[in-house]
Amino acid sequence: QVDGLTLDAEAVALDRAHVFHSWSAQAHVAPFVVAGGAGSTVWDHAGHAYLDFSSQLVNTNIGHQHPRVVEAIREQAAALTTVAPATANLTRGRAAEAVLAHAPDRFAKVFFTNGGADANENAIRMARLHTGRDKVVSHYRSYHGNTGAAVVATGDWRRVPNEYARGHVHVFGPYLYRSEFWATTPEQECERALQHLERVVQCEGPDSVAAILLETVPGTAGVLVPPAGYLAGVREIADRYGIVLVLDEVMAGFGRTGSWFAFDQHDVVPDLVTFAKGVNSGYVPAGGVLVSAEIAATFDDRVYPGGLTYSGHPLAMAAIVGALGAMEDEGVVENAAAVGRDVLGPGLADLAARQPLVGEVRGCGVFWAVELVADRATRAPVPAAVVGAVKAACLARGLLPFVVDNRVHVVPPCVVTPDEARRGLEILDDALTEATPAP
Ligand code: PLP
């Protein structure tokens, strides 16, 4: 019998030899072995267990290996593992119905994709064809995916080497802690960010702007929960100039913020919604676009020029039906809201009060960011070595964190229990203490 340590070593050796990794200098990848998981925990072959406060790439909203989702995939695999998108398939229809059940009434149809990037790709295409206009306005602090238009709509560094799509314009969104608008209150930040957006739309020529594409809560950029009124203000600007509002709920949707969609908390209804990740927790890759009745009607007699071999793949659809059914029956979204309100919110506020490295904590539900600073007065980010030390100290104590730039994102599955959430915060607290440089 092969022992676990040998399997872990084989996993690392094969990975280093043959797997080309995303967004990485290949010689500097340090892979972390995951062999199995259940709920909010993952483990390697040797049995080292970690509380998963990353939800992998913030997608396992229902936790690992939920039996109902695994069983739904197993049953579908026994019946029909693949089918062309042009066929009618009962599981696909049920998945579309299940997704729409949580959306506002104006949404009529779902276009299924393989993930989040191609969902945004298709939403942009629909907006352009619906309006007959070209430009897409999005935030600098955003991530929308790794395909042609989606990566250029992205605001962060990943756009820059990939800028081959045309018609993209970026604006700054609200981020009071590092305000671009010299704001000192959420109200000022909101008002000035809206003024900036409207001026950019006017200067670009409103008749050339097809879509405003925003993450409802920018996730990878730092869990930037928008101030009250921002998204409603964006909706007004979109309406004033006949622009389609696309909200990207790929990371924020399906329970992450403590509601089914993050926009449910922001008094706004978009025209198109993109989703992926939490819709079936990534058990089988899937994403999609929720299409309003009005935009869907544009393509009643006109061909929609887009499609994918695996649009509405039966295994992915079965996973959606299983995941959404379990989330409804088990109160998973309510759990995310309660854990955020009762444990993560107060616990992180306490951490911020005591830990000198913490500049700000922000978030809601099971969607939080802890921003680490070298100096609380200047808000200068900590050097990468300090972030690395925090991450290493978390791993050594059995916590798998999600680290981006100078931040630790606290993003456990929506099924995380209050005790697990408390344990994760204790580990993070100890890790911060250990990584704090001596004065
Ligand atoms: N949009 C947002 C907000 C995301 O966070 C991501 C992925 O992290 C994407 C789009 C892209 O999704 P995918 O990697 O499934 O293509």
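A few comments on the model shown:
- For the range 165-175, backbone phi angles converted through the Karplus equation (6.51, -1.76, 1.60; θ = phi - 60°) give residue-by-residue couplings of 8, 10, x, 10, 10, 10, 10, 8, x, x, 6 Hz, Gly and Pro being listed as x.
- Cα centroid separation, the range 1-67 to the range 210-261 (Å): 32 Å
- GNM top mover of R302, R178, R74 - the chain, alpha-carbon springs below 10 Å: R302
- Between V171 and S138, H139, Y140, the built amide H atoms are under 5 Å apart, and every one of these is 5 or more places off in sequence or on another chain.
- Between R199 and A88, the contour length at 0.36 nm per residue exceeds the alpha carbon distance by 35.4 nm.
- The distance separating the Cα centre of the range 176-197 from that of the range 288-317 comes to 37 Å.
- Annotation: amide H-H contacts under 5 Å for L399 (H modelled 1.01 Å from N, sequence separation of 5 or more, or interchain): L51.
- The order of S179, S259, S281, going from fewest to most other C-beta atoms within 10 Å of their C-beta, is S179, S259, S281.
- Among S40, S22, S292: highest mean-square fluctuation, GNM of the chain, C-alpha pairs under 10 Å: S22
- In terms of its C-alpha gyration tensor, the range 86-126 has an oblate overall shape, because the principal axis ratio a/c (a ≥ b ≥ c, square roots of the eigenvalues) is not below 1.5 and a/b does not outweigh b/c.
- Contact order normalised by residue count of the chain, Cα under 8 Å, 6+ apart, percent: 20 percent
- Kirkwood Rh (inverse of mean 1/r, distinct Cα pairs), the range 67-329, angstrom: 18.6 Å
- For the range 263-277, 3J(HN,Hα) per residue [Karplus equation, 6.51 cos²θ - 1.76 cosθ + 1.60, θ = phi - 60°, Hz, x = Gly/Pro]: 5, 4, 8, 10, 6, 8, 10, x, 8, 9, 10, 9, 8, 5, 5
- Rounded to the nearest Hz, the phi-derived 3J(HN,Hα) couplings of the range 179-188 under the Karplus curve 6.51 cos²θ - 1.76 cosθ + 1.60 (θ = phi - 60°) are 4, 8, 10, 6, 8, 10, 10, x, 5, 4, where x marks glycine and proline.
- Dipole magnitude of the range 67-329 about its Cα centre (Cβ charges: Lys, Arg +1; Asp, Glu -1), debye to nearest 20: 600 debye
- If you take all other residues with their beta carbon under 13 Å from the beta carbon of G253, and give Lys and Arg +1 and Asp and Glu -1, the sum is -2.
- If you sort the three axes of the alpha carbon gyration tensor as a ≥ b ≥ c, you get a/c of 1.5 or more for the range 275-342 and a/b above b/c, which makes it prolate.
- Taking other Cβ atoms within 10 Å as a rough exposure proxy, S24, S138 sort from fewest to most as S24, S138.
- Overall, the anisotropy analysis places the chain in the oblate class: the square-rooted eigenvalues a ≥ b ≥ c of its C-alpha gyration tensor yield a/c not less than 1.5, with a/b not exceeding b/c.
- Here the sum of -39500 (n - 2.57) over DSSP H runs of 4 or more residues, divided by the residues of the chain, equals -12000 deg cm²/dmol at 222 nm, to the nearest 500.
Here, each number is a calculation from the coordinates, and none is a lab measurement. Just so we're clear, the structure is a prediction, and the values are computed from it rather than from any experiment. Cβ atoms come from the backbone with ideal geometry, glycine included; neighbour counts cover every protein chain shown.
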